[in-house]
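The values are calculated or read from the model by the stated rules, or taken from the named source; none is laboratory data. Everything numeric in this text was worked out from a predicted model, so none of it was measured. No Cβ is skipped: glycine too gets one built from the backbone with ideal geometry, and neighbour counts run over all protein chains shown.
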Amino acid sequence: MPRWLLLWLLCTVAAAQAAGQSVEPSVFRALNAAQRAQQQGDYAAARRALDAAKATPDSLEQALLWRSRGYLAWAEGQNGKAIELLGKALASGKLDAETQASEQINLARLNLLEHRYAQVVSLLASQQAAASEEVLQLLVQAYQGLGQPAKALPLAERYVQANPRAVDSWLQFLVAVNADLKRYAAAERWQRRLLARQPNRAQGWRQLAALQQLSGRQDQALATLRAAHSKGLRFNEGQLDNLVLLAGAADQPWQGAKLLTGLLEQGLLARTAAREERLALLWWQARERAAAARIYRELAQRSGSAKHWLNLAQLELEQARWQAGLDALAKAERAGAERRQVRAWRRWAESELRVEREKHLASAG
């Protein structure tokens with residue numbers, strides 16, 4: 001049985017007495033006997049003690065018995081029954097204000113365990129104005145469970161602002177949710193707070209660069225990686241490659257191409273054929289066809305690959321560079337490209353080239 005749950009249980013009658021509420025002696029004895037039995041792990045004896053007690057309907061004693069039976073059910077793993085019984089105790093209106101507030105938190109805990117997120121929010125709504133760390137944590141988790149992270153953000157921010165030494169998990173939550181909501185400037189601000197705590201943690205620098213990349217500030221992302229490198233921190237190639245892939249996944253090919261170009265030029269990534277091909281593809285996706293064509297031309301000349309020549313041909317034709325496209329198609333065909341595909345591209349290019357020449361002759365005449 002969790003220690004905190006046992007402590008709550010041991011305060012069952014004490015709370016009522018502190019509030020000046022008198023408890024009928026037979027019920028008082030039953031509650032104490034149940035507490036002792038439950039403390040010793042004898043749940044059957046605790047249940048017998050509670051079942052033997054009789055309470056007047058709509059009384060404090062009835063509310064206290066519901067409460068104790070709820071905690072017993074919780075200790076036995078019967079969360080649904082515990083929610084029902086503790087809910088009855090709260091709804092009775094017989095508990096004093098302090099106990100009522102405490103029981104709302106415990107009932108919210110139970111509902112959270114059962115993924116009943118709306119009930120958690122409903123139970124704790126009245127405590128939001130002066131919420132403790134525990135209440136804020138429960139509400140943040142509940143709003144996440146409801147798929148409403150935007151409602152969790154101000155609560156988490158309020159806690160961190162009031163507690164500058166809040167554990168890292170609060171800051172990490174603020175980074176993650178702001179990033180999910182595409183609030184990259186806010187996410188970066190919290191990430192910098194994390195980085196100030198752990199300046200020699202390479203992952204923190206990499207995450208900062210990723211946020212800058214997502215916000216379209218690829219030059220700043222590259223500067224962040226260089227700053228980390230100058231501090232003696234190292235990233236493996238897979239981690240840097242993933243930063244580039246992140247741009248593609250976020251439909252930001254131009255930013256990805258700029259970052260990859262910088263990583264290659266700065267020597268943070270080794271220049272390989274695979275990375276040059278990825279760079280060409282990113283430029284192509286960004287509709288920077290001249291830059292993509294330049295890379296594919298160099299790749300094709302080195303590799304002699306039919307695929308590279310075909311890609312170059314398509315890029316040239318997309319720029320209406322018909323003769324350059326035809327030249328690349330001829331080299332692709334000699335390199336073993338599928339002839340049917342080459343013929344289809346060639347027919348189109350030759351047709352467009354004829355139209356262009358006829359227009360030129362007509363204007364010259």
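Looking at (1) closer than 17 Å to Asp51 by Cα; (2) under 31 Å from the mean Cα position of the chain (by Cα), which is the one condition that is false for Arg109? Checking Arg109 against (1) closer than 17 Å to Asp51 by Cα; (2) under 31 Å from the mean Cα position of the chain (by Cα), the one that fails is (1).
Let's see how each residue does on (1) among the acidic types (Asp, Glu); (2) on the phi < 0 side of the Ramachandran plot; (3) more than 16 Å from the chain's Cα centre (by Cα); (4) surrounded by 15 or more Cβ atoms within 10 Å (Cβ to Cβ):
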{"site": "Ala162", "(1), (2), (3), (4)": "no, yes, yes, no"}
{"site": "Arg165", "(1), (2), (3), (4)": "no, yes, yes, no"}
{"site": "Ala179", "(1), (2), (3), (4)": "no, yes, no, yes"}
{"site": "Ala186", "(1), (2), (3), (4)": "no, yes, no, yes"}
{"site": "Gln191", "(1), (2), (3), (4)": "no, yes, no, yes"}
{"site": "Gln218", "(1), (2), (3), (4)": "no, yes, yes, yes"}
{"site": "Leu222", "(1), (2), (3), (4)": "no, yes, yes, yes"}
{"site": "Ser230", "(1), (2), (3), (4)": "no, yes, yes, no"}
{"site": "Leu240", "(1), (2), (3), (4)": "no, yes, yes, yes"}
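With respect to the conditions (1) in a loop (DSSP other than H, G, I, E, B); (2) over 24 Å from Leu65 (Cβ atoms); (3) touching a residue at least 24 places away in the same chain (Cβ under 8 Å), Val121 lacks only one, and its number is (1). When the residues of the stretch 75-99 are filtered to those that are surrounded by fewer than 20 Cβ atoms within 10 Å (Cβ to Cβ) and among the polar types (S, T, N, Q), the one that is farthest from Glu134 (Cα to Cα) is Ser92. Only helices (runs of 4 or more DSSP H) whose full extent lies in the stretch 198-288 are considered here, and the ones with at least 3 residues that are within 23 Å of Tyr184 (Cα to Cα) are 202-214, 218-230, 237-249, 253-265.
Scanning the stretch 118-134 for residues that are farther than 22 Å from Leu72 by Cα and either surrounded by 21 or more Cβ atoms within 10 Å (Cβ to Cβ) or in contact with an Asp or Glu (Cβ under 9 Å, 6 or more places away or on another chain) (or both) yields a count of 1. Please tell me if Ser102 is assigned by TED's automatic domain parsing to the domain that holds Gln35 and either surrounded by fewer than 18 Cβ atoms within 10 Å (Cβ to Cβ) or under 24 Å from the mean Cα position of the chain (by Cα) (or both). Yes.
Within the stretch 160-177, being outside any helix (DSSP H, G or I) and of a type in the set (Val, Ile, Thr) holds for one residue alone: Val167.
Of the residues Ala324, Ala300, the single one that is in contact (Cβ under 8 Å) with a residue 12 or more places away in the chain and either in contact with a Ser or Thr (Cβ under 6 Å, 6 or more places away or on another chain) or part of a helix (DSSP H, G or I) (or both) is Ala300. Inspect the stretch 62-79 for any residue being over 30 Å from Leu136 (Cα atoms) and either without any contact (Cβ under 8 Å) to a residue 40 or more places away in the chain or in contact with a helix residue (DSSP H, G or I) (Cβ under 7 Å, 6 or more places away or on another chain) (or both) and give the result as yes or no. Yes, the conditions are met somewhere in the stretch 62-79. Ala337 - would you say it is under 45 Å from the mean Cα position of the chain (by Cα), farther than 23 Å from Leu240 by Cβ and assigned to a helix (DSSP H, G or I)? Against the criterion (under 45 Å from the mean Cα position of the chain (by Cα), farther than 23 Å from Leu240 by Cβ and assigned to a helix (DSSP H, G or I)), Ala337 does not qualify.
Please state which one of Leu139, Leu153 is at pLDDT 90 or above, surrounded by 16 or more Cβ atoms within 10 Å (Cβ to Cβ) and closer than 24 Å to Gln213 by Cα.
The unique qualifying residue is Leu153.
Quick check on my filter: what residues within the stretch 142-181 are in contact with a Leu (Cβ under 6 Å, 6 or more places away or on another chain) and of a type outside the set (Gly, Ala, Ser)? Once the filter is applied, which keeps residues that are in contact with a Leu (Cβ under 6 Å, 6 or more places away or on another chain) and of a type outside the set (Gly, Ala, Ser), the stretch 142-181 yields Leu155, Tyr159, Leu171, Val177. No other residue among Ala286, Ala257, Ala270, Ala210 is at pLDDT 85 or above, closer than 24 Å to Leu171 by Cα and out of contact with any Cys (no Cβ under 8 Å at 6 or more places or on another chain) apart from Ala210.
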